[in-house]
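A.B. asks: Here it is: the structure, laid out below.
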Amino acid sequence: MAPNIIGTLIIGAGPSGLCAAKTFLQCDPDADILIIDANKTLGGVWSHERLYPTLKTNNIFSTVDFSDFPMDPARFSIHPGQHVTGEAMHAYIQAYADHFDLTHRVRFNTRVKEIRKSEQGQGDGGWNVEIEGGETLQCRKLVVATGVQTSPHMPELEGVEDFRAPFIHSADLGKQTEELMNNPAIKTIGVIGGSKSAYDAVYLAVSTGHGVEWFIRKSGRGPVWVLPSHTLMGPFKALRERLLTRRLVSLMSPWTFPDYSGFGWLRHFLHFSWLGKKVAQKFWGKLRAGSLRDGRYHDDKKFEALEPEQNPFWYGTASGILNYGEDILKYVSEGRVRIHRADISHLTDHAVHVQEGGKERVLPVDTLVACTGYSAKPALTFLPPSLHSDLGVPSTSFSKSQSAFWSELDNRADLIIGSKFPRLLLGPFQSPSSNTPKPFHLGASSDAETPYTPWRLYRGTAPPGLTAAGDRSLVFISMFSGVANTVRLEMQCLWALAYFNDELPMLSKDMEENRVFLETALFQRFVQHRAPYGHGRSYPDLAVDQVPFWDLLLHDLGLETRRKGGWRELLEPYTHQDYAGLVDEWLSKRR
């Protein structure tokens, strides 16, 4: 008996998958859509099982809403000026799903085993998705909305089998908070990593009365920028996350793709004239100085180990906000949190050994929490592996010819980037005035990334090989890192719908096949060069550059990019409210 064919299957019931379903149904209320998720609850990274009491978003209230579903402060127990808690975020996502009648379309506890392309003549050439337990779901259109924080990376430490104490990843803190934080036998907690999740784990531990030994690798990228939510701009206090969505700020950053802001002349001045370059360099110098001031890295000798190595320019979204109820640096100053900028040599029974100050130190801990990010390995298995190159998914299975194909495209992309912005190819370690400039090595920087290829998706969404071949059956949503994620999500989901319906004019049937591949490589190499201290090696990581990316998607859709007018275009931050009604706008234009 042939399996039932689902019109559109969405894998992932977090914000990305729900937004995709809502967008598709808004355009076609009768659409046949099923959402599946391996978790027991909605929310993805904000699912109930991943929450713990002190977890909050980096976002202030009213900056994380979807444009058509405002976050009501009374309903979600949040107030203006406050950071949205994990509990409020989960409740908001659940309410969003209920409001748009999506919840009944979700199947929980449904884990995908593997995905294969349907054979010719079977259905209309969609996808077969095999579920653990033996069931196969067949769909015409497939949306992968699992995101990139799905496969926790555990560091390989010598002696881990002798440690004889709990050793978990930060992704499991929600499941094990009660067991670990309320255990009277656990006095000291070790935390590994310099990311924002490490700050969160440290704060959880110290706020529950534990001592903390905090380990940040000497040989790694070091700590990220974690700063207060507001900063000074002259005499004015500005919300940091909305500083990144002002056009004037985005113009200070290089952008390899076409500029649809209407201020291309200003971008050209800032990056291709002697005076403009001085202005842009001054801006980034001021940003670093302000970040050092706001982060208080030099206020106490004990804080210096938390100072990032490079200008914020190079970090993409590998940063965070001090969104805690108390000052975390106070605990460092008091000695309740002890920071070790050193490599761990090995573990023994309830102890971590580090090389520090030229000698070995043995530090007793009762639990170890690894805040070491996520593996580059994709959450889903596409078969056969020979498809990976055309799909653009991270892989270790490229053939020699596939590797050579992408290597040539990467070289061409680097030539394009280098001809416009040679500073990006030099990277963060070398002055542009160096007498012997050498390209910055952009190889994998951790064993979490090695040896997988990066995500290579057209516009960060579509499989390049299928796109070039005219196959519109698969998209990936949120293989991405941004700051204003709900804005990007709404645009990306609408772009995906237009892609499925073959309604993107620039993807005409007579387009050059190679243009899709080259633009895909150019985007991937740009984000890799732009955020080497962020996630650019593995997937798109856009912070200051998110507004020109939004412009690119809107231009593809034939929608207006300048949505404010006058001086407000340059100086006011773009928010979700500026893009309210985007789907109706597209439908009206479509009609």
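The values are calculated or read from the model by the stated rules, or taken from the named source; none is laboratory data. If you're wondering where the values come from, they're calculated on a predicted model, not measured in any experiment. Glycine also receives a Cβ, built like all others from the backbone with ideal geometry; neighbour counts cover every protein chain displayed. The area values use the complete protein model at the heavy-atom level, side chains included, leaving out ligands, DNA and RNA. Shrake-Rupley method; radii C 1.70, N 1.55, O 1.52, S 1.80 Å.
A.B. asks: Trypsin sites (Lys or Arg not before Pro) within region 80-143: which are DSSP loop residues with at most 16 other Cβ atoms inside 10 Å?
C.D. replies: On the way: sites: Arg105, Arg107, Arg111, Lys113, Arg116, Lys117, Arg140, Lys141; in loops: Arg111.
Sites meeting the loop and neighbour criteria: Arg111.
A.B. asks: Enter the Cα centre distance for the pair region 263-309 and region 157-227, rounded to the nearest angstrom.
C.D. replies: That distance is 31 Å.
A.B. asks: Whenever you get a sec, line up Asp68, Asp32 from highest to lowest accessible area (probe 1.4 Å, protein heavy atoms).
C.D. replies: On the way: Asp68 55, Asp32 85 Å².
Largest accessible area first, the list is Asp32, Asp68.
A.B. asks: Express in Å², to the nearest 10, the accessible area of Cys27 obtained by rolling a 1.4 Å probe over the protein heavy atoms while all chains stay in place.
C.D. replies: 30 Å²
A.B. asks: For Met233, what residues show an amide H to amide H distance below 5 Å, using hydrogens built from the backbone and excluding near sequence neighbours?
C.D. replies: Amide H neighbours of Met233, under 5 Å, 5+ apart: Ala238.
A.B. asks: Identify all lysines with a Cα-Cα distance to Lys282 below 25 Å; exclude those on the same chain that are fewer than 8 residues away in sequence.
C.D. replies: Of all the lysines, those that pass the test against Lys282 - Cα under 25 Å, at least 8 places apart if same chain - are Lys237, Lys420, Lys438.
A.B. asks: On to the next question. Amide H of Leu474: which non-local residues (sequence gap of 5 or more, or other chain) have their own amide H closer than 5 Å, using H built in the peptide plane?
C.D. replies: Here the answer is Leu142, since their amide H atoms fall under 5 Å of that of Leu474.
A.B. asks: Write down the accessible area per residue of the chain in Å², having rolled a 1.4 Å probe over the full set of protein chains.
C.D. replies: Accessible surface, normalised per residue, equals 42 Å².
A.B. asks: Filter the trypsin sites (Lys or Arg not before Pro) in region 489-544 to those in DSSP coil with at most 14 other Cβ atoms within 10 Å of their Cβ, and list the result.
C.D. replies: Lys509
A.B. asks: Check which residues have an amide H placed less than 5 Å from Val191's amide H, if you skip close sequence neighbours.
C.D. replies: Here Glu213, Trp214, Phe215, Val369 satisfy the definition.
A.B. asks: Related question: At R0 = 41 Å, how high is the FRET efficiency between Asp584 and Lys359 if r is their beta carbon distance? Nearest 0.05 is fine. List each step's numbers first, then the result.
C.D. replies: Numbers: r = 66 Å, r/R0 = 1.62.
After rounding to 0.05, the efficiency reads 0.05.
A.B. asks: Then there is this: Could you give me the ³J(HN,Hα) list for region 190-195, computed from phi with Karplus coefficients 6.51, -1.76, 1.60 and θ = phi - 60°, whole Hz, x at Gly and Pro?
C.D. replies: x, 10, 10, x, x, 7
A.B. asks: Using a 1.4 Å probe on the protein chains only, how many percent of the accessible area of the chain belongs to carbon and sulfur?
C.D. replies: Using a 1.4 Å probe with all protein chains present, the chain comes out at 52 percent carbon and sulfur.
A.B. asks: A follow-up question, please. Taking θ as phi - 60°, what are the ³J(HN,Hα) couplings along region 402-410 by the Karplus curve (6.51, -1.76, 1.60), each to the nearest whole Hz, with x for Gly and Pro?
C.D. replies: 5, 4, 5, 4, 6, 4, 5, 5, 4
A.B. asks: Reachable lysines from Lys113, Cα under 23 Å, same-chain residues fewer than 8 places away excluded?
C.D. replies: Once the sequence-local lysines are set aside, what remains near Lys113 is Lys40, Lys141, Lys377.
A.B. asks: Taking θ as phi - 60°, what are the ³J(HN,Hα) couplings along region 367-384 by the Karplus curve (6.51, -1.76, 1.60), each to the nearest whole Hz, with x for Gly and Pro?
C.D. replies: So the J values, rounded to whole Hz, are 8, 10, 10, 8, 9, 10, x, 10, 5, 6, 4, x, 5, 10, 9, 9, 10, x.
A.B. asks: Additional query: May I ask you to rank Phe76, Phe236 by accessible area, largest first, using a 1.4 Å probe over the protein chains only?
C.D. replies: Ranked list, largest accessible area first: Phe236, Phe76.
A.B. asks: Continuing with the same structure: Report P(r) for the chain: all Cα-Cα distances, bin width 10 Å, range 0 to the bin holding the largest distance, values in whole percent.
C.D. replies: With 10 Å bins starting at 0, P(r) equals 3, 16, 27, 28, 18, 6, 1, 0.
A.B. asks: Among 483-492, 550-559, how do they line up by average Cβ neighbours within 10 Å per residue, starting with the highest?
C.D. replies: Details: 483-492: 23.4, 550-559: 20.4.
Ranking, from highest mean packing down: 483-492, 550-559.
A.B. asks: Another question about this same structure. Lysines near Lys218 by alpha-carbon distance under 21 Å, same-chain residues fewer than 8 away left out - which ones?
C.D. replies: Lys196, Lys301, Lys302, Lys359
A.B. asks: Once a ≥ b ≥ c are taken as the square roots of the eigenvalues of the Cα gyration tensor of region 312-408, is the result rounded (a/c under 1.5), prolate (a/b larger than b/c) or oblate (a/b not larger than b/c)?
C.D. replies: prolate
A.B. asks: Classify region 135-261 from the C-alpha gyration tensor, please: rounded if a/c falls under 1.5, else prolate or oblate depending on whether a/b exceeds b/c. Could you put the intermediate results ahead of the total?
C.D. replies: Working: a/c = 2.23, a/b = 1.35, b/c = 1.65.
It is oblate, given that a/c is not under 1.5 and a/b is not larger than b/c.
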